[in-house]
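Here's the structure we're looking at; comments come further down.
The values are calculated or read from the model by the stated rules, or taken from the named source; none is laboratory data. Note that this is a predicted model, so its numbers are computed, not measured. Ideal geometry is used to build each Cβ from the backbone, glycine not excepted, and the neighbour counts take in all protein chains shown.
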Amino acid sequence: MDTARSWWAHRAAQAGLSGPFTDLEAALPDVGRVPMEVTGGATQFAFDAAAFAVGEAYVDGLDATSRLAHGRHYTPASLAELLWSEIHRISRNPGGPVVDPACGCGALLIPGLRRFVADAPDPQFALQSAHGRFAGVDLDPAAVWLGNLVLAAELLPLWAAVPPRRRRPLPALVRHGDGLAPFEDKPGVVVLNPPYGRVRLSNEERSRWARSLYGHANRYAMFLQAAIEAVGPGGVVGAVVPTSFLGGAYFQRLRTFLAEEAPLRRLVFVDQRSGVYAGNPLQETCLAVFVKGGASGPVACSRAVVNGDSAHHRIGLATLAVGADTAKPWLLPRRAADVALVRGAAALVHRLSDYGWRARTGPLVWNRHRHQISATDAGDATPILWAGDFAEGGVRRHSSRDAQRFIRLRPGQEFLRLAESAVMVQRTTAPEQHRRLVVATLDEATLAAWGGAVVVENHVNVLRCSDPASRLPPALLAALLATSTIDRLYRCLTGSVAVSAYELEALPMPAPEVIERWAQLGAGDLEGAVAALYDHAPPP
C-alpha cells in the first residue's frame, strides 16, 4: 500500500495538487479495500513509474502458474497506443462509451482517456462524464484496484483545474466482474487484450458461444464474439489477439461470424514479441480492428516492431473472400512484397483435393504407445518416421531417434501403418525459421528401404493421393511445396507457427493444364514458373 500511496502522491504533485488532494484514500474513497496482492508487496514499482509500468510490475510479480492458468498478461504502451491509432483511422468520435472487458490494470484505456482529458473544454463536466465514457471489467480484484489507481491518475490534470472547494472524489472506472457478461449500454468502442488458451465449457456454455466455436474453445474467441455482440451498429472493436484466428480449423466459425457481423478493416502484424508480454508467450500477435455491421471491403495490413524503435510499416490492401468461403483461412499479405502474391493466389480456384490429395496429421502420438516402442525390430515391428528424419527433401533415419525407432503394433492398430508413397511436411516450426514448409518425399524406393511400411508420428503431416491418375504426382507436389513462392503463400494464410493439414488443403493450386506444363520442368525452371503465376498477377 505504501508503494501505491507514494506513487499517487507523486502523480498528484506533478499535476499541481497539494495538501489533502495528494492523499490516495481521499481522492479514491470508493475503490474498496486494497487487495492482499498489493498490500503484501507482490506489486513493487517506483514512485515515479509511468502508468503502464504499474500493470507490468503487477503481472511480472505474479506466479508463472497463475499467469498461465488465468491467461493474465499486460499490454505494453507501444501496443496500446498503436491500437488506438488504428481505431482512430476508423472512428475518432465513438457514439457510445469505450469499454475494455478484460482490462487488467487498464492499459488499453489509457490512450483513449488521455485524448479525452486533452480535448476536454470543461474540466468539471469532463470529470462528471468520465464514468459514462470509459469502463473496464476484470475478474482479478487486484488488477481492478490498480486499474482504478492508474486511470484516476490520468484524470488528475482535470481535477487540478477544478477549484478546490468544488472538487469531488475521482470516479472508479474499473469494476470487478465477468467481461463476457452483457453490458448495460451499447459501447461505441470495445478495446481488449483478452486472455487466451483452451478452456473446457459446459454444454450450455458451448451453446452460448456456438457462433464462434468449432472443436476446442479458446478464451479469446469467446471475448471477440462478446465484444462484437456488445457494440452497436457502426461500433468498433479493436483487439490485441493471437494471429491464430486467421487460419486453422478451430477458428472457422469465428471467421464466418466476424465476416458476417463485423468485417475486419485493419490488421497490424506484430514483430519481435520478445519482452512484449510477461512470460514471452509463443503466440504470434496482431492488432485487429473490426466494424460492427460494416460492409466488407479491403483490409489495410501493416507490420509493427514494438521493441526498440516501435517502427510501423505499411504492407498494403487485401480483399477477403465473401460468402461460404469466409470460413476458410484468410489470405492476407505479411509483407509488402506479398500483396501481388495474395492477389494472384486469390484468383485460383483449385485446391489439393481437386487432384485427389488429402492431408492428415501423422497418427502416432508416441507417449500413448510408449510401451510398444523400442530400439530394435525383432522381426515383428514397424519403423517409426519422426519429424527429425527429414533431410534435403528426402527421408533418412536420424540417429537421435534410434532409441525409439520401432513400434510393435497390436491387433486393431493397423491403421497406423503407411504402406504407400506420400509427401511429408513437418508440423512444428519456429517464427524465425527460414522455411515454414519443410517437405520430404516418401517414394516407393525409400519406403522399400524402410521395410515397406512406416508409422508416422504426429509432428508430421502426411499428404496422400487417392487418384492413381492424378495430374499432380508426388514428386511434383513435393517440388511445388518446396518452392519459395508457395512457402511465402502458406505464411499468408496461416496464423500459427504450426503447419496444419487443414491449411495445407486450403492452399490455392493452379489449373490442371498449368500443372501438366509444370510436370515437364526441371527444379530451377519450376521455381520461376511458380513465381510468374502467383507473384505477377495483374492489378484489380
For region 34-49, state whether one or more residues are part of a helix (DSSP H, G or I) and at pLDDT 70 or above. no
Select from region 409-421 the residues that are over 38 Å from the mean Cα position of the chain (by Cα) and either under 14 Å from N458 (Cα atoms) or surrounded by 16 or more Cβ atoms within 10 Å (Cβ to Cβ) (or both) and list them in ascending order. L409
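One line per residue, one yes/no per condition, for (1) surrounded by fewer than 21 Cβ atoms within 10 Å (Cβ to Cβ); (2) among the aliphatic types (A, V, I, L, M):
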{"site": "L82", "(1), (2)": "no, yes"}
{"site": "N93", "(1), (2)": "yes, no"}
{"site": "A102", "(1), (2)": "no, yes"}
{"site": "R114", "(1), (2)": "yes, no"}
{"site": "Q128", "(1), (2)": "yes, no"}
{"site": "L139", "(1), (2)": "yes, yes"}
{"site": "A142", "(1), (2)": "no, yes"}
{"site": "L146", "(1), (2)": "no, yes"}
Candidate set: region 354-402, residues that are among the charged types (D, E, K, R) and at pLDDT 95 or above; chosen: the one surrounded by the fewest Cβ atoms within 10 Å (Cβ to Cβ): R358
Considering (1) out of contact with any Gly (no Cβ under 8 Å at 6 or more places or on another chain); (2) over 21 Å from L437 (Cα atoms); (3) buried (at least 16 other Cβ atoms within 10 Å of the Cβ), say which one L331 fails and leave the rest. (2)
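Every residue, every condition in (1) basic (K, R); (2) outside any helix (DSSP H, G or I), yes or no:
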| site | (1), (2) |
| --- | --- |
| R464 | yes, yes |
| T485 | no, no |
| L507 | no, yes |
| R517 | yes, no |
| D525 | no, no |
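Residues are listed down the side, and each one gets a yes or a no for (1) more than 17 Å from F223 (Cα to Cα); (2) of a type outside the set (A, V, I, L, M); (3) in contact with an Asp or Glu (Cβ under 8 Å, 6 or more places away or on another chain); (4) exposed (fewer than 12 other Cβ atoms within 10 Å of the Cβ):
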{"position": "A160", "(1), (2), (3), (4)": "yes, no, no, no"}
{"position": "R166", "(1), (2), (3), (4)": "yes, yes, no, yes"}
{"position": "L170", "(1), (2), (3), (4)": "yes, no, no, no"}
{"position": "L173", "(1), (2), (3), (4)": "yes, no, no, no"}
{"position": "L180", "(1), (2), (3), (4)": "no, no, no, no"}
{"position": "G188", "(1), (2), (3), (4)": "no, yes, no, no"}
{"position": "V199", "(1), (2), (3), (4)": "no, no, no, no"}
{"position": "N203", "(1), (2), (3), (4)": "yes, yes, no, yes"}
Filter region 264-288 for residues that are in a loop (DSSP other than H, G, I, E, B) and among the charged types (D, E, K, R); the one that is modelled with the highest pLDDT is E284
